[in-house]
Every structure is written in C-alpha cells, then in structure tokens.
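Working notes, beginning with the structure itself.
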Amino acid sequence: MATAIRTRKPSVRAPRGARRRAQLTVERLAAIYPAATELQHRNPFELTIATILSAQTTDRAVNQVTPELFRRYPTPADLAAADLAQVEELIKPTGFFRNKARTIVECSQVLVERFGGEVPRRMEDLVTLPGIGRKTANVILGVAFGIPGFAVDTHVIRLTNRLRLVETTDPAKIEQLITAMVPASEWTGLSLRLILHGRRVCEARRPRCEECVLNDFCPSSSVRPR
Ligand code: SF4
C-alpha cells in the first residue's frame, strides 16, 4: 500500500548530536504524553472535524462540543446539510465559530460530493478539503489511518530549533531532517507531542525549563545540566 513515507536523503544537515537528542525527545515526551492526541473521535470523519475545530483553542474545548455535534450530525452527509446557525451555536466555545462552522460544513459537503462520504487516505486528496492543510492532513493520516507523517507547525518549528534537532525554520526542511533521524513509526506521535509540549511547557515567550523533562540535554535550557 502506498504511504506518505519519505525516503529521500535530506538536502540540509542536522546539527551535531541531533539524532541522540531526537531519540531522547521521542522517549521522554511519549512517557509524559501517552496519548499523542487528546481529541476525542470514533472515526476518521470525527477526527477530521475535531482537528479543524482545534485551531486556536485547546483539545479540551473541542472535546466539550464534539459529543453533541456528532450526536446531531453523525455523518458527513448530515453535517453537509446542517443549518449553519445551529452549527455555530454548538461549536461557539471553540472560538472563531462562524468561520469554523462554515469550514466544517463545506468540508463535509466536499466529502460527500467528491469522496463518497469517506475521508480520503491520500495526502494529495486531503489537502483539497476545506480547512485541511498539510499539517492537519498529516495528523489525520497518522492518527486515523496509521500512515506516518511528520506535521510541522509553529510549535514544532520552535521546539526542534530550541532542542537543536535542526537549524532552520523552513517547514519542508524540518520535515526532511526529522523524518531522516526518527523511525517512521514515531513521526506522527513526535509531531503531536512536540505541539502539546510547546503549548504546555516550552511556550514561545516563556519556556518553563525548570519543569521540562528535556532540560538535562536541551541546548536552550535555562536550567543547569544535572
Ligand atoms: S528545556 Fe526549556 S527550551 Fe528546552 S525544550 Fe524544555 S522548555 Fe523548551
């Protein structure tokens, strides 16, 4: 079966010791975040919609609204035909609710019209869905279908640089470098856990190095190595 696995040699070099730091990062983050995503879902459709709703908010806020949303609209066909105002009301706590309501309804319409009501399993198809970029598509491929992918967002760019796994802010180069130094089975989990860690501990303005499980080997740590 065709997968999204990259096998090309990276065109940029990783910093010295990056492979070892990457390995430690994989192990430590998996230990503290056993579930790579906290978005509740029962199938690829629910994960797709929950992932769109998770933009600019917490997984917890999304999990508060999705049970009722999917109770009323359990399939792409149901959500495609939904009343926009009712969807807006249901997802209000996730913020940006007007845009998000329109996006999830349009996404469902495309699923029905072009993909027979099923979430597609190929990156090139997923990125044609409203609200789905390469990053979200990687999450769907990895979590819903077990097809490895390393999604790069602002948190991943920041953390991979602070940990000196890479020395570039170019998402495509970061993806190339990390997928060359970490086994494919870890790509999806590492990406999602870096995002979680970036939100909770290694924040952009004030990284909380003193409570970070990576602080003994992170080159950017403000804590002295033990
Ligand atoms: S030690 Fe500090 S800079 Fe390094 S990953 Fe942890 S929080 Fe971020």
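Values quoted throughout were computed directly from the atomic coordinates according to the rules given, and no laboratory measurement underlies them. Quick caveat, the model's predicted, so the values are computed rather than measured. Note that we place each Cβ from the backbone using ideal geometry, even for glycine, and neighbour counts take in every protein chain shown.
Amide H contacts of C202: R208, each under 5 Å away and 5 or more positions distant or on a separate chain (H built 1.01 Å from N in the peptide plane; Pro and chain starts excluded). On the basis of the beta-carbon distance and an R0 of 45 Å, E118 and E167 show a calculated FRET efficiency of 0.65. Once C-alpha pairs closer than 8 Å and six or more residues apart are averaged by separation and normalised to the residue number of the chain, the relative contact order reads 25 percent.
A full extension of the chain between A180 and D78 corresponds to an added length of 32.6 nm, given 0.36 nm per residue minus the alpha carbon distance.
Solvent-free Debye calculation, one equal scatterer per alpha-carbon of the chain: log10 I(q)/I(0) at 0.10, 0.15, 0.18 Å⁻¹ equals -0.48, -0.98, -1.26. Based on DSSP H segments of at least four residues, each scored -39500 (n - 2.57), the chain has a per-residue ellipticity at 222 nm of -16500 deg cm²/dmol.
Rounded to the nearest 10 degrees, the angle from helix 59-72 to the longest Cα principal axis of the chain is 20 degrees. Within segment 128-215, the trypsin sites (Lys or Arg not before Pro) that combine a DSSP coil assignment with at most 10 other C-beta atoms in a 10 angstrom radius are R205. Converting phi to 3J(HN,Hα) with the Karplus coefficients 6.51, -1.76 and 1.60 and the offset θ = phi - 60°, segment 119-131 yields 6, x, 9, 10, 3, 5, 7, 4, 6, 8, 7, x, x Hz in sequence order, with x at every glycine or proline. As I understand it, the value is the acute angle between the Cα axis of helix 184-200 and the longest principal axis of the Cα atoms of the chain; what does it come to in degrees, rounded to 10? Value to nearest ten degrees: 90. Model label sites at R19 and A55, defined 7 Å from Cα along the beta-carbon direction, differ in position by 3.8 nm. In plain terms, the chain from A35 to V213 could stretch by 62.4 nm, reckoned as 0.36 nm per residue minus the Cα-Cα distance.
Each of R206 and S220 was given a label point 7 Å from its Cα along the Cα-to-Cβ line. The distance between the two points is 1.7 nm. Computing FRET efficiency as 1/(1 + (r/R0)^6) for E27 and D125, where r is the C-beta to C-beta distance and R0 is 30 Å, gives about 0.35.
Tell me which trypsin sites (Lys or Arg not before Pro) from segment 22-114 have a DSSP coil assignment and no more than 16 other beta carbons within 10 Å of their own. Numbers along the way, then the final one.
Details: sites: R28, R42, R60, R71, R72, R98, K100, R102, R114; in loops: R42.
Counting only loop positions with at most 16 other Cβ atoms within 10 Å, the trypsin sites (Lys or Arg not before Pro) in segment 22-114 are R42.
Evaluating 6.51 cos²θ - 1.76 cosθ + 1.60 at θ = phi - 60° for every residue in segment 143-151, the Karplus couplings come out as 7, 7, 10, x, 9, x, x, 10, 7 Hz, glycine and proline recorded as x. Here segment 44-145 yields Rg over Rh of 0.92, to two decimals, using C-alpha coordinates and the Kirkwood radius.
The GluC sites (Glu not before Pro) of segment 91-164 that DSSP puts in a loop, and whose beta carbon has at most 13 other beta carbons within 10 Å, are E118.
Taking every lysine pair in the chain that is 8 or more places apart or spans two chains, those with Cα atoms closer than 28 Å amount to 6.
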